[in-house]
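Working notes, structure below.
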Amino acid sequence: MYQLCRHIKTNGKRCQSPALSGSAYCYFHARTHTMASPKYIVFDDLKLPLLEDSASIQVAISKITAAFLCSRIDARRTGLLLYAVQIASQNIDRDSERENSEIVHSMTITSEGDELAPEKEICEPSDCATCNRRDTCEDYDPEKMDEKPGAQPRILGPERPARVRQ
């Protein structure tokens, strides 16, 4: 079993990458949350979201356009920022946006101001034999204990309490 990253993207969906051991985040988001300003890229007084999905890119375009129209940034800086957003737009993986990722319905706010999705464990099929919750798990089927290698992992959501591994 492993924990999923607890980062919430701009579109309200959680990151689907495995969290690092002892961390709430995957490798990528652990690095971005340790930066001085984890949620935003700051240009003077213009705060842009981390450009990680199409929703954050739309928010960035809107903020850049509004800042230009209010004369908070000049045409040259506007052009440079929109070019950076264009590059980010070309780099995002549009296929991963279509995958079945869950929308976050509740969150925890840390003392640093980070928003965390609820904890969630992913069970590998091989975990069923030793899992303490197998008797109450709706995915557990003792007749299917001979599952083939490479079978899809089971996702345990908030309706089943997460087990803390020691």
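Just so you know, all these numbers are worked out from the coordinates, no wet-lab data involved. Owing to the predicted nature of the structure, the values given are computational and were not obtained by experimental measurement. Note: ideal-geometry Cβ built from the backbone for every residue, glycine included; neighbour counts use all protein chains shown.
What's the ranking of 69-75, 22-28 by average number of surrounding C-beta atoms within 10 Å, highest first? Intermediate results must be reported in sequence, preceding the final value.
On the way: 69-75: 11.4, 22-28: 15.4.
Descending mean neighbour count gives 22-28, 69-75.
The slack between SER54 and THR32, meaning 0.36 nm per residue of separation minus the straight C-alpha distance, is 6.1 nm. Relative to the current alpha-carbon distance between GLU102 and ALA129, full extension at 0.36 nm per residue lengthens the span by 7.0 nm.
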